[in-house]
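Contents: one structure, followed by commentary.
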Amino acid sequence: SGVERLGEMIAGARVIVPFTGAGISTECGIPDFRSPGGIWTRNRPIPFDEFVASQEARDESWRRRFAMEEVFAAAKPGRGHRALASLYRAGKVPAVITQNIDNLHQASGFAGEHVIELHGNTTYARCIGCGQAYPLDWVRHRFDGDGFAPNCTGCDEPVKTATISFGQIMPDDEMRRATALSQACDLFIAIGSSLVVWPAAGFPMMAKNAGARLVIINREPTEQDDIADLVIHDDIGEALGPFVAN
Ligand code: OAD
Ligand code: ZN
C-alpha cells in the first residue's frame with residue numbers, strides 16, 4: 001500500500017522535510033481554504049493593500065479573526081502533527097515548512113525556530129509599520145472598546161494578525177530557510193495542500209529538482225501529483241497515524 005511504501009521511504013531517508021498546508025489541521029477542527037465549506041468558499045480574501053487603505057477592511061478582517069477565536073483556541077495537534085513531531089524527535093526531520101498559521105506544529109513539540117512559517121502566525125498581532133508585536137487580547141480589548149480595529153501605540157500604523165495576506169511581501173528569512181531545506185533533504189513530503197498558492201507551492205518542485213524524492217499526501221488530487229514519486233490520496237490522519245511514536 002501507499003502507507004507501506006511511505007514507511008520504506010521514511011526508513012531509508014536521511015533528511016526528511018515536511019511541507020504542510022491547511023489539510024493537516026482539518027481533523028483539529030480548523031477549516032481549510034478550498035474544500036467545500038472552506039474559508040475561501042465563504043469569504044473573499046481581503047488583500048493587503050485593502051487592509052492598509054481601509055478602516056472598514058481592517059474592521060472586517062478583525063471581526064473574521066475573532067469569529068474564529070474559539071476554533072483556534074480549542075485546536076490540539078492532530079495525528080499528522082504528532083507523526084511529524086515524532087520524526088523530528090527521532091532526528092529525521094530538521095524542521096517543518098508550513099503555510100499554516102495555527103501554531104499547531106509548535107504545540108506538537110517542534111521548537112519555534114524549527115517551524116518555518118511562510119504565511120506567518122495568527123495567534124498574535126503585529127504593527128504593519130514598525131513590527132511591534134501585540135497579543136490578540138490587546139486588539140480585542142481596543143476593538144470592543146471603541147468598535148474600530150486599533151493602530152499601533154508607537155507609530156500609529158494599523159495592527160494586523162502576524163500573517164501574510166495576498167499582495168503582502170513574503171518573509172525573507174523564512175523563504176531563505178525553506179529554500180535551503182528543500183535543497184538539502186533527500187525526502188520531501190507535501191501534506192494537506194492544494195499546492196496552488198505561490199511562491200509556497202514552488203518548494204516541492206525545488207526539492208525534486210535538487211534530487212529529493214517527493215511524496216504528496218492529500219485527500220484530493222493536487223496540481224503537482226504528476227511530478228511526485230508517491231501520491232497518497234487518503235486522509236492525513238490515516239496516512240500518518242502509523243508514524244506517531246508514543
Ligand atoms: P487548501 O484549502 O487550498 O488545500 C487543502 C487541501 O487539503 C485540499 O486539497 C483538501 O482536499 C486537503 N485536505 C483537507 N483535509 C484533509 C484531510 N483530513 N486529509 C487529507 N487531505 C485533506 O489549503 P492550502 O493549500 O494550505 O494563504 O492553502 C494555501 C494557502 O492558501 C494558505 O496558506 C492561505 C490560502 O489562501 C494565504 O492566505 C496567503
Ligand atoms: Zn508601529
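The values are calculated or read from the model by the stated rules, or taken from the named source; none is laboratory data. A quick note: this is a predicted structure, and the numbers were derived from the prediction, not measured. Positions of Cβ are generated from backbone atoms using ideal geometry, with glycine treated the same way; all protein chains shown enter the neighbour counts.
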| said: So, in the range 155-189, exactly how many residues are within 16 Å of ligand 1 (Cβ to nearest atom), more than 24 Å from N43 (Cα to Cα) and not acidic (D, E)? | reply: 5
| Any chance S61 is away from ligand 2 (no atom under 16 Å from the Cβ), modelled with pLDDT of 95 or more and over 21 Å from A22 (Cβ atoms) | no
| request: Give the residues of the range 33-64 that are touching a residue at least 60 places away in the same chain (Cβ under 8 Å) and either away from ligand 1 (no atom under 15 Å from the Cβ) or within 17 Å of Q168 (Cα to Cα) (or both), sorted by residue number. | output: P45, I46, P47, F48, D49, F51, V52, Q55, R58, D59, S61, W62
| Restricting attention to the range 100-125, and to residues there that are within 16 Å of ligand 1 (Cβ to nearest atom) and assigned to a loop (DSSP other than H, G, I, E, B), which single residue is nearest to S193 (Cα to Cα)? | N100
| task | Return the only residue of G167, G112 being at pLDDT 95 or above, out of contact with any strand residue (DSSP E or B) (no Cβ under 7 Å at 6 or more places or on another chain), surrounded by fewer than 19 Cβ atoms within 10 Å (Cβ to Cβ) and within 27 Å of H81 (Cα to Cα). | result | G112
| query | Got a sec? Which of S86, S25 is assigned to a helix (DSSP H, G or I), farther than 21 Å from E220 by Cβ, more than 16 Å from ligand 2 (Cβ to nearest atom) and among the small types (G, A, S)? | reply | S86
| field | Selection status of E50, touching a helix residue (DSSP H, G or I) at 6+ places or on another chain (Cβ under 7 Å) and either at pLDDT below 95 or of a type in the set (D, E) (or both) | value | yes
| query | If you take the residues in the range 170-197 that are surrounded by fewer than 19 Cβ atoms within 10 Å (Cβ to Cβ) and of a type in the set (A, V, I, L, M, F, W, C), which one is farthest from V115 (Cα to Cα)? | reply | V196
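Condition check ((1) more than 16 Å from the chain's Cα centre (by Cα); (2) in contact (Cβ under 8 Å) with a residue 12 or more places away in the chain; (3) within 14 Å of ligand 2 (Cβ to nearest atom); (4) not in a strand (DSSP E or B)) across all residues:
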site	(1), (2), (3), (4)
G129	yes, yes, yes, yes
F143	yes, yes, no, yes
C155	yes, yes, yes, yes
A162	no, yes, yes, no
F166	no, yes, no, yes
E174	no, yes, no, yes
| When you go through G202, G237, G241 one by one, which is the residue that is in contact with an Asp or Glu (Cβ under 6 Å, 6 or more places away or on another chain), part of a helix (DSSP H, G or I) and either hydroxyl-bearing (S, T, Y) or modelled with pLDDT of 95 or more (or both)? | G237
| task | Look through V15, V3, V52 and report the one residue that is in contact with a strand residue (DSSP E or B) (Cβ under 9 Å, 6 or more places away or on another chain) and within 16 Å of ligand 2 (Cβ to nearest atom). | result | V52
| query | What tally of residues in the range 11-27 results from selecting those that are farther than 24 Å from W198 by Cα and touching a Leu at 6+ places or on another chain (Cβ under 7 Å)? | reply | 1
| request: Please go through the range 126-154 and pick out each residue that is small (G, A, S) and within 16 Å of ligand 1 (Cβ to nearest atom). | output: none
| task | Only residues in the range 7-25 that are more than 19 Å from M206 (Cα to Cα) count as the first member; pair them with residues that are surrounded by fewer than 18 Cβ atoms within 10 Å (Cβ to Cβ) and modelled with pLDDT under 95, Cβ under 7 angstrom, at least 6 apart or cross-chain, and list the lot. | result | none
